[in-house]
Amino acid sequence: MKTLFDELSFEVSKKTTQKYSTSFSLGILALKPSIRSAIYSIYGFVRLADEIVDSFQGYDREKLLNRLKTGTDEALEEGISLNPILQSFQQTVLKYNIQRKLIAQFLRSMEMDLRKLNYSTELYEQYIFGSAEVVGLMCLQVFTEGREEKYEELKPYAMKLGSAFQKVNFLRDLKDDYHVLGRCYFPNIDMGLFDNNTKSRIETEIEEEFQEAFKGIKMLQIFKCWRHQAVAD
């Protein structure tokens, strides 16, 4: 039965999330149960693309990314995929009417990772938008469950949250990105002169974005009531 395959597909996305990100997995547990699978599926898709461009050294990453793009398009067009991660993702996209342009913008940002770029402020902002802010918007479409007015109201906050998380990742992975992958996302920074003042400036920027994003988080009703549901879960 296809239902069994669908269940397996969402389980694969859930396991992918748990394997790659303990913190994100714990965060999902704070959401109401009815939307958790959808968020797992978004993470699974994003992680698959990210692994292609970051981890599959020695393989034709451009070819693999193009294969993922084609597979994604086919899954969305046909409503099914033999790839469990794409299967769960396409179901979420169709159920919550996630905008296709967000997916395209995300994949374009992944293409940027295939090339060694000197990130100007413009490229930096473009990359953050495609790799993180649009992911926040995908999740927001799940959170708002078709309420377009609410989605538009909360868009700026979702984008700030995505941006802040991405900058945390940039800072966390700064050494490996530079020495292993040969890139530094932060613009106008000389890695030879990177010091605590530079780090502090970036951390302040991240903190400001988190504070702004938190205003939007408080407007959402997506979190389970721990007092009443902790035992049940």
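A short reminder: the numbers here are calculations on the coordinates, not readings from a lab. Only a predicted model underlies this, so the values are computations on that prediction, with no experimental measurement involved. Glycine gets a Cβ as well: all are built from the backbone with ideal geometry, and neighbour counts include every protein chain shown.
Numbers for the structure displayed
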| quantity | calculated |
| --- | --- |
| Most to least packed among 4-14, 133-143 [average Cβ atoms within 10 Å] | 133-143, 4-14 |
| Rounded to whole Hz, the Karplus (6.51, -1.76, 1.60) HN-Hα couplings of segment 191-203, x for glycine and proline | 4, x, 10, 5, 9, 5, 5, 5, 4, 4, 5, 5, 5 |
| Mean Cβ neighbour count within 10 Å, used as a protection proxy, ranking 40-49, 207-216 highest first | 40-49, 207-216 |
| Two-decimal Rg/Rh across the chain, once Rg and the Kirkwood Rh are taken from alpha-carbon atoms | 0.97 |
| Calculated log₁₀ intensity ratio I(q)/I(0) where the Debye formula runs over C-alpha points of segment 1-96, q = 0.15, 0.23 Å⁻¹ | -0.59, -1.19 |
| Rounded, prolate or oblate (a/c below 1.5 giving rounded, otherwise prolate when a/b exceeds b/c) for segment 108-233 by Cα gyration tensor | prolate |
